[in-house]
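Take a look at the structure below.
The values are calculated or read from the model by the stated rules, or taken from the named source; none is laboratory data. All of these numbers come straight from a predicted model, not from anything done at the bench. Side chains included, ligands, DNA and RNA excluded: accessible areas come from the protein's heavy atoms. Shrake-Rupley method; radii C 1.70, N 1.55, O 1.52, S 1.80 Å.
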Amino acid sequence: MGDMNLTHRQIDIFRTVMATGHVTRAAERLHTSQPTVSRELARLEQLLGMALFDRVRGRLRPTVRAAALLEEVERSYIGLERIAATAVALRQFADGRLALAGLPALAHALLPDAARRFIAAHPRAGLSITPQESPLLEQWLTEQRFDLGLIEARQAPPATRLTPLLQADEVVVLPEGHALLARRVLRPQDFAGQPFVSLAPADPYRQVIDQMFEQQRVARRMAVDAASAVSVCALVRQGLGLAIVNPLTALELAGPGLQVRPLAVAIPFHVGLVTPTLRAASPLTPKFEQCLFDAAAALLARLKALARRT
């Protein structure tokens, strides 16, 4: 069994027969003859030492073993298809391609502006942006899967380097027409008795916010909680309460139905830029980093303008 000499041709034929359920259709798809497909299948079964198909009235019925083998074959083909897709992307983008990963909130509110600036300056370059939550995001960055990463943690994951990118305070989001919009800045006491939309209980910012209200002895009406700042803002827009979220998401979603106000107590929101230390650096990396810093500066300017306007 260790000397089994399987060929890619045999595996390709097996996969196609499994997909079509018929030797003739498989032969048509593979641009070969029906006898060739039947012969290669028989050789494959002989090499494996087991039957992969039951022959029933001229048709092939896959065995349980064939179904199990197909699962492994498909995993291999997915890997090959990813390699092929990467090669195509590299061929299409003459100046190269960057792979980025970040928390969903950052992919929603900071990365798009940076991407716009980057593509405007480097139209022949490509970008791939993958949103992911912690802790899987940090694991991927440690595994050197991406050229750049954006995280909220203040410590670099193993085998990476972290550069502070942005720090800004959490803000309050309120539904249109709320009475508290009359205030320029909201204090913790303003939330007393108000319906409140929270982040999920395990969210570290939720824990800091709850601790602040406990220290201020302010009791809110806990209306509903959600796993992301985007979902929290959507719930606030529907009038279910007010909330405290990161300023990036708040500014991105502010508009009709959703208003933003500063919070009197500072709850810092940090964004760090992560670069791998073992992965070969792309010449595009420093160029995109500059676009990120420019996008962060523009966002901070918007926050200052909001504070002045309110």
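Here is how the number arises for the chain: DSSP H runs of 4 or more residues each give -39500 (n - 2.57), the sum is divided by the residue count, and the result at 222 nm is -14500 deg cm²/dmol.
Within region 250-310, the ratio Rg/Rh, alpha carbon atoms throughout and Rh by Kirkwood, equals 1.11. Annotation: amide H of residue 53 within the under-5 Å range of 63, sequence separation 5 or more or interchain, hydrogens built in the peptide plane.
Close amide H partners of residue 60, meaning residues 5 or more places away or on another chain with modelled amide H under 5 Å apart, are 23. Per-atom-type breakdown for the chain gives carbon and sulfur 54% of the accessible area (1.4 Å probe, protein chains only).
With contacts taken as Cα pairs under 8 Å at a separation of at least 6 residues, the chain carries a relative contact order of 20 percent.
The residues of the chain have, on average, 53 Å² of accessible surface per residue, using a 1.4 Å probe with all protein chains present. Working note: Karplus 6.51/-1.76/1.60 with θ = phi - 60° gives region 121-136 the couplings 8, 9, x, 9, 9, x, 10, 10, 10, 10, x, 7, 7, 6, x, 5 Hz, where Gly and Pro are set to x. By the compact-protein rule of thumb, 2.2 N^0.38 Å, the alpha-carbon radius of gyration of region 145-300 corresponds to a ratio of 1.17.
Each residue of region 16-21 was assigned a 3J(HN,Hα) from its phi angle through the Karplus expression (A = 6.51, B = -1.76, C = 1.60, θ = phi - 60°), giving 6, 5, 4, 6, 8, x Hz with x at Gly and Pro. Translational diffusion coefficient of region 1-79 (Stokes-Einstein, Kirkwood radius from Cα pairs, 37 °C, 0.692 mPa s): 258 µm²/s. Here the 3J(HN,Hα) profile of region 251-266, calculated from phi with Karplus coefficients 6.51, -1.76 and 1.60 at θ = phi - 60°, is 5, 5, 9, 4, x, x, x, 9, 10, 10, 9, x, 10, 5, 9, 6 Hz, Gly and Pro shown as x. When DSSP beta bridges are restricted to pairs lying wholly in region 152-270, around 65% turn out antiparallel.
Note: region 111-176, Cα convex hull, 149 Å³ per residue.
Under conditions of 25 °C and 0.890 mPa s, region 175-250 yields 195 µm² s⁻¹ as its translational diffusion coefficient, taking Rh as the Kirkwood radius over Cα pairs in the Stokes-Einstein equation. Over the chain, the alpha carbon radius of gyration divided by the compact-protein estimate 2.2 N^0.38 Å works out to 1.42. Amide H neighbours of residue 226 under 5 Å, counting only residues 5+ apart in sequence or on other chains, H built in-plane at 1.01 Å? HN-HN under 5 Å from residue 226: 198, 199, 200. Taking every C-alpha pair closer than 8 Å and separated by at least 6 residues, the mean separation divided by the residue count of region 181-249 gives a relative contact order of 39 percent.
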